[in-house]
Structures are given as C-alpha cells and as structure tokens.
Amino acid sequence: MSVQSPQVVREFLIAGLIDAHAMESQAISLTSAQAERLKHYPDLEARIREHLRETEGQRERLDRCLEKLGTSPSTLKDTALKLGANFAAMAHAMADDEVIKNSFASFAFENFEIAAYKGLIETARLAGATEIEEVCRQNLAEEERMAAWIDENLPELIRKYLARKSADVEAKR
C-alpha cells in the first residue's frame, strides 16, 4: 500500500506546517525566557539569542509556505503552545539548577524539531512541493546545528554550574 492520494498528502503537509509554526512560536517563547535568565553563562546566552533569531526566521519562512498553500497558521495552536512554554519556563525558574534543566529541555526540544522537519521534508517531497521542502531543509539544518552546540557544550556548562555552586555563588542562571 504505497499509493498516496495527492489531496491527503497536501492536507497532511498543511497540518504539519501549521504544527511546525506553532512549535516555532513555542520555541520563541522558551528561548526568550531562557535568554533573559543567563547572566552568568554568556556563551550560552549568546548562542540562545542567535538561535532565537534563527527561530524567528524559521517561523517567517513557515508563514510564507502556508501562504503559498493558501492557508495560515493556527492562532489557537500558537497561543496554546506559547502558554505551555511559559509554564515550563516558570517551573524551571524555581529549580536550583535552572540553567541545567533548561539545557536538557532545549536539547530534547531541538531533537523534537529535527524529527518534525524530517517528517515535513518527506511530506513536501511526496507533495512535489520543492520550495517547501527546501525551507524545511533550511530549518532542519539550523535545528541540527543548535542541537549539536548544546550536545558539545553541555559538559562545560555542567562544570561551570558546579564550580559556581561549589563557590557558593549564584549558579542557577
């Protein structure tokens, strides 16, 4: 059973793009909140702010994809996921190791985004939507770079956090 209806593929692509737009809105809320709370971790703050700009670009590119398909993002999904992001940020802000928990959550979220874009790339390919496929490949590459950065820098972040904590100075953010 390998034959897909063009209409079903198109509808699935649209739904995936709407979900990705909401996902990027959530990411903007998460990273904005994190960036404001990293005064002792300037390298992490700089990378998060850089990725925040990338994420805003990703969302704009998704807007154009949806417009090309004659539709628009879901305000309800965008708002719901942004609210969820705000609750997660508040929960982590109460943790003694906020910076570490946020880094773990960011790494997991980046990998979720990577999976979502891989699915969108295949769906766009099946739909013959090469421009949308290229947008998703661009977004995927940015997410992969951010996930790799977190992966590579997590050991140093943990060492810095533990050194600050051991010196009895503010370490959580």
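All of (1) surrounded by fewer than 23 Cβ atoms within 10 Å (Cβ to Cβ); (2) closer than 30 Å to A127 by Cβ hold for A33 with one exception: (2). Looking only at region 1-26, which residues are within 16 Å of E143 (Cα to Cα) and either in contact with an Asp or Glu (Cβ under 7 Å, 6 or more places away or on another chain) or without any contact (Cβ under 8 Å) to a residue 24 or more places away in the chain (or both)? H21, A22, M23, S25 - these are the residues of region 1-26 that are within 16 Å of E143 (Cα to Cα) and either in contact with an Asp or Glu (Cβ under 7 Å, 6 or more places away or on another chain) or without any contact (Cβ under 8 Å) to a residue 24 or more places away in the chain (or both).
Are any residues in region 101-129 under 27 Å from Q34 (Cβ atoms) and touching a residue at least 60 places away in the same chain (Cβ under 8 Å), and if so, which ones?
Of everything in region 101-129, those that are under 27 Å from Q34 (Cβ atoms) and touching a residue at least 60 places away in the same chain (Cβ under 8 Å) turn out to be N102, A105, S106, F109, F112, E113, A116, Y117, G119, L120.
Residues that are surrounded by fewer than 16 Cβ atoms within 10 Å (Cβ to Cβ) and assigned to a helix (DSSP H, G or I) were ranked within region 57-78; the one that is nearest to the chain's Cα centre (by Cα) is G57. F87 falls short on exactly one of the conditions (1) at pLDDT below 90; (2) surrounded by 20 or more Cβ atoms within 10 Å (Cβ to Cβ), and that condition is (2). Consider region 42-56 and keep the residues that are touching a Leu at 6+ places or on another chain (Cβ under 9 Å) and of a type in the set (D, E). The one that is surrounded by the fewest Cβ atoms within 10 Å (Cβ to Cβ) is D43.
Tell me, yes or no, whether region 159-170 has at least one residue that is exposed (fewer than 14 other Cβ atoms within 10 Å of the Cβ) and in contact with a helix residue (DSSP H, G or I) (Cβ under 8 Å, 6 or more places away or on another chain).
Within region 159-170 (the criterion being exposed (fewer than 14 other Cβ atoms within 10 Å of the Cβ) and in contact with a helix residue (DSSP H, G or I) (Cβ under 8 Å, 6 or more places away or on another chain)), the answer is yes, since at least one residue qualifies.
The values are calculated or read from the model by the stated rules, or taken from the named source; none is laboratory data. Remember, predicted model here, so these are calculated numbers, not experimental data. Here Cβ is always computed from backbone atoms with ideal geometry, including for glycine, and neighbour counts include all displayed protein chains.
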